[in-house]
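Only the coordinates and a few stated rules stand behind these numbers; no lab work does. Computed from a prediction, not measured in an experiment: that's the story for all the values here. Cβ: placed from backbone, ideal geometry, glycine included. Neighbour counts: every protein chain shown.
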Amino acid sequence: MVGMVGRETLRSATGIPGFDEIADGGLPTGGVTVVLGGAGTGKTTFGMQILSHSALEGTPGILVAFEESGERILANVAGFAWAKAALGKVVVLDAQLSHAIEHGGEFDLMGLLAMVGATAAKHGARCIVFDGLDVLLGYLGDAVVVRREAFRLRDWVHASGLTAIVTAKAGAPDPRIGADYDFLQFLADCVVTLHHRVIQGTALRFLRIAKYRGAPHSSNELPFAITPMGIEVAANTTIDLTYPTSNARVGTGIDRLDSMLSGGYYQGSSVLITGAPGTAKTSIAAAFAEAAAGRGERTLYVSFDEAPDQIVRNVASIGIQLAPHVASGMLSLVSLRGHAESPEAQVARIRAHLQLLRPRNLVIDPLSALSQPGDEANRESAARQVLDLAKTAGITIVNTSLVGNALPLAEHTLLNVSTIADTWMHVSYVSHGGERNRALTIFKARGTGHSNQVRELVLSDRGVTLADVYVVEGEVLMGTLRWEKENEARRTRIAHHNGAVLREQRAELALAQTRAQQDTLSRAQAIQEAELAQLRADATIEVDRRAVEADELLLRRRADLPDAVE
Amino acid sequence: MTLRLRLYVADDAPNSLTAIANLRAALAQRPAGPVELEIIDVVDDPARGLRDGILVTPMLVRLAPVPERRILGNLRDRALLLEVLGAPDGTA
């Protein structure tokens, strides 16, 4: 331990996003960091990511592989973004003891450390990972010897000046030595523990710096993820990525709701949907999630006490299909246990998911789950923190909140969230005519011209729709009564329509009759004119005939002819 | 048949010194016969151990007769050692 003081002030950056921030700059340079965790918790990835970072910085690192072959380890991490450029510069020493090796007595690490030291000197390495040291130590078969060799390694590291990472399985006792490897914590300068828990079908990984000799560090358990970039620790207390604020509207997934809100929710705003149990708050939220994911926006849906597949199944029955978006990765469903954890822990989890997923939209269903009875002081702040987190990151957040069916304005159970929500919709049951129907009202829509009208929320296998409601003598009509009213209106429309057609036909008939009459008259006129002409002609002939006859008579009565009269 | 052995040791590490002593005692115990023994100090010649893929010491490798056998440790297990070297009754 002597001579450690000066060295401990130095840090070696790990290059693991988020880790160096919580570790005050990195791992202790020239010290031993022990990484403890169960199988599959990411210990080897942790080590390889540090070696790769070191290699990319121009300093080759050494991997001493005790559990798996170096070849296999390199293959396992080959998919990470940094692997291609870095892995070729990592010096791999295979130190597995194959099954073909027989055990004929006690051994030690002296020869190994001599060879590792020579390799480090040859390549100018600064960083070394002993991966799966517990596997080698297990062959020592004696807890006392195991400790002695572990301390030998620690002293060797300190003397070498190398920054060492030792990974080992922790927790489960090793039957070969009759103990576990938790004692490694005592010899280490820094201890990082990794574990994962499956919470309601969601695997969550956590990292904790259990010890950091002589250095300030965060000892909180922090969520981390293994992404294509490797390990990413959710260390920030704020979310750095910020979507630019905009006045853009995002569709709610319900056409008529978009109309009521002049186009949809404001991007980056907070929406609160309140209502009694069963008022379809989840359906409204899920409709938004479906629409958002369908637009190609990453969406995080946090539910409490309801498993993801349960939500998918439930909303599928009303035509909201979340499964394809979960499959495409656009939608992440996360289920948290409402009563299992404190509101602060839940806020931390939501924050971690936001940091890791960096979604454009967040649904919390219901936000009221963050307010457990008995922690009055925290309940409002927990919900507020989530809204603030989303807001600072420009994430559109849609929350549901459970309230009684009484007038919500009078309720204090809303955590005063309604005051900071930008849009507040309430769904209530309206009982009338022996039915209970769902009425949606927009109480508030900041900066939006919104409809003040109540709409009936109708769920069918084609999704969520809104229907007009009828107000008759001050009563809002919904359900069957609305349907009857709609039918009545339809009948009236049809009647009006039919009447108009008849009137038109009648007018056409009258016109046709008039035209026919006109035609008849014209024909009669022609005939009469013809007759008249005939009569006149006949009359002229008669006069002529009489004149001729008169002449003939005169002629016969007198022998002489008067002067020509013709 | 020649018994060909390699013993990888680490300088004056107690287990290495014990392994050398145990090996010599066992060889003395078995019937006389041609023996080739190479003792490699990986502290002195680390490249040799790395090249041969022997990273943990002490390690005895019996190269001949085949099949090759490897015994890890200070060779305290005399029965195993004699069996690998060829039992006192002369069987290999």
Legend entry - Among B:G49, B:A25, B:L82 the positive-end extreme of the charge dipole of chain B (Cβ point charges): B:L82
Legend entry - Shielding of B:3-13 by partner chains, average beta-carbon count, 10 Å: 2
Legend entry - Protection proxy ranking of A:539-550, A:270-281, A:251-262 - average other beta-carbon atoms within 10 Å, highest first: A:270-281, A:251-262, A:539-550
Inset, instruction - Determine the sum of side-chain charges near A:L97: Lys and Arg each +1, Asp and Glu each -1, restricted to other residues whose C-beta is under 11 angstrom from that of A:L97. - result: -2
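Which values, in whole Å and largest first, are the semi-axes of the equivalent ellipsoid of the range A:85-158 obtained as the square root of 5 times each eigenvalue of the Cα gyration tensor? Could you put the intermediate results ahead of the total?
Numbers: eigenvalues 116, 47, 23 Å².
Gyration-tensor ellipsoid for the range A:85-158: 24, 15, 11 Å.
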Legend entry - Relative contact order for the range B:1-54, counting Cα pairs under 8 Å that sit 6 or more residues apart, in percent: 53
Legend entry - Paramagnetic reach from A:K122 in the range A:136-176 [backbone N under 20 Å; point 7 Å along Cα→Cβ]: A:157, A:160-163
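Can you figure out the FRET efficiency of B:D45 with A:R337, using R₀ = 56 Å and their beta-carbon distance, to the nearest 0.05? Let's see the in-between values first.
On the way: r = 60 Å, r/R0 = 1.07.
Using R0 = 56 Å, I get an efficiency of 0.40.
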Inset, instruction - For A:S12, enumerate residues with amide H under 5 Å from its amide H, sequence gap 5+ or separate chain, H modeled in the peptide plane. - result: A:L27, A:T29
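As a check on your grasp of the helix formula, calculate [θ] at 222 nm for the protein assembly as shown: sum -39500 (n - 2.57) over DSSP H runs of n ≥ 4, divide by the residue count, round to the nearest 500. Before the final figure, lay out each step's value.
Numbers: 20 runs with 258 residues, N = 658.
One gets -12500 deg cm²/dmol as the mean residue ellipticity at 222 nm.
For the ranges A:295-307, A:111-123, what's the packing order if you count other beta-carbon atoms within 10 Å of each residue, average per peptide, and put the highest first? Before the final figure, lay out each step's value.
On the way: A:295-307: 19.6, A:111-123: 21.2.
Highest-to-lowest ranking by the protection proxy: A:111-123, A:295-307.
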Legend entry - Lys, Arg +1 and Asp, Glu -1 on Cβ, resulting dipole of the protein assembly as shown about Cα centre, debye, nearest 20: 1140
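Which FRET efficiency, nearest 0.05, do A:A172 and A:N220 yield, Cβ-Cβ r, R0 35 Å? Show your work: numbers first, answer last.
On the way: r = 25 Å, r/R0 = 0.70.
In this case the efficiency is close to 0.90.
Would you kindly give the portion of the calculated P(r) for the range A:1-147 that falls above 25 Å, as a percent of all Cα pairs? Each step should come with its number before you reach the end.
On the way: 3389 of 10731 pairs.
That fraction is 32 percent.
Work out, in µm²/s and without decimals, the Stokes-Einstein translational diffusion coefficient of the range A:505-555 at 25 °C, 0.890 mPa s, Rh from Kirkwood over C-alpha pairs. Each step should come with its number before you reach the end.
Working: Rh = 14.2 Å.
Taking Rh from Cα pairs, D becomes 173 µm²/s.
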Inset, instruction - Can you pull the one-decimal nm distance between simple spin-label points at B:V35 and A:L56, each 7 Å off the Cα toward Cβ? - result: 5.5
Inset, instruction - With only alpha-carbon atoms counted, please give the Rg and Dmax of the range A:240-323, in Å. - result: 13.4, 38
Inset, instruction - Just grab the label-to-label distance for A:A78 and A:T514, each label 7 Å out from Cα along the Cβ direction, in nm (one decimal). - result: 9.4
Legend entry - Long-range amide H partners of A:G275 with built H, under 5 Å: A:S401, A:V403, A:V427
Legend entry - Extension gain (nm, one decimal) between A:F151 and A:A13, 0.36 nm per residue minus Cα-Cα: 47.2 nm
Legend entry - Distance between modelled label sites at B:M1 and A:E484, nm, 7 Å Cα→Cβ extension: 10.5
Inset, instruction - Could you tell me what fraction of 2.2 N^0.38 Å the Cα radius of gyration of the protein assembly as shown comes to, as a two-decimal ratio? - result: 1.86
Legend entry - Among A:130-139, A:499-508, the order from most to least packed when residues are scored by Cβ within 10 Å on average: A:130-139, A:499-508
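Stokes-Einstein D for the range B:18-91 at 10 °C, 1.306 mPa s, Kirkwood Rh over Cα pairs, in µm²/s?
Values: Rh = 13.0 Å.
Once the numbers are plugged in, D ends up at 122 µm²/s.
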